[in-house]
Amino acid sequence: MLTCLLVLMLTLPGLAQKTKRTTLKAGTLVVLETSNPLSSKDAQLGQSVTLRVKYDVMINGRAVIKAGAPGSAQVVTAEQRKGLGKEGSLAIRPTVVQAVDGQMIPLTGSGVGQNGQDTKGGTIALAVVVSPLFLLKKGKDATIPAGYEMQATVATESVIQ
């Protein structure tokens, strides 16, 4: 009898704490931002990039993805600057974000991209007027600053605990 009471006392608090489940639907908007600056100078195609959630994602009054939650993106374009004033280019696409229950939620979206400054026109004009050495002048690297905001959407429906 004492054993039964002890077992009941240990299990009842767990039963009383009902886990609230919330469905996070595909297509739900998530606003993210870059955690660190990126440059086409050192970015590699396929590289993982750290993101963070900018605003809480709320479903029925409950935050299912909290502001500041970690996420990641993948570098989908990374071209260094080149001669003749050709600028570099850099693009990233969000891939996943962490929900309040710890699960990683897949994202979809076009991502963001940047181009450096193209100095080709000025370089060719200077080369014709002054010297062919100006043809070696490179364009600018593409950069995405820390805190750069982007939008993504949830790719698949998930149940958040």
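Read-outs: derived from the displayed coordinates by stated rules, not from any lab. Given the structure is predicted, the values throughout are model-derived calculations rather than measurements. Here the Cβ positions follow ideal geometry from the backbone for every residue, glycine too, while neighbour counts run over all protein chains shown.
The table for this structure:
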quantity	calculated
Hits among aspartates and glutamates - C-alpha to C-alpha of LYS20 under 13 Å, sequence gap 8 or more where chains match	ASP101
Label-point gap, in nm, between LEU29 and VAL159 - each point 7 angstrom along Cα→Cβ	2.8 nm
Reach of LYS41 by Cα under 17 Å, taken over aspartates and glutamates that are not fewer than 8 positions away in the same chain	GLU79, GLU87, ASP118, ASP141
Where labels lie 7 Å past Cα in the beta-carbon direction, separation of ARG21 and LYS66 in nm	2.3 nm
Fully extended contour minus Cα-Cα distance, from GLN47 to THR108, at 0.36 nm per residue	20.3 nm
Inter-site label distance for ASN36 and VAL100 at 7 Å from Cα along Cβ, in nm	3.0 nm
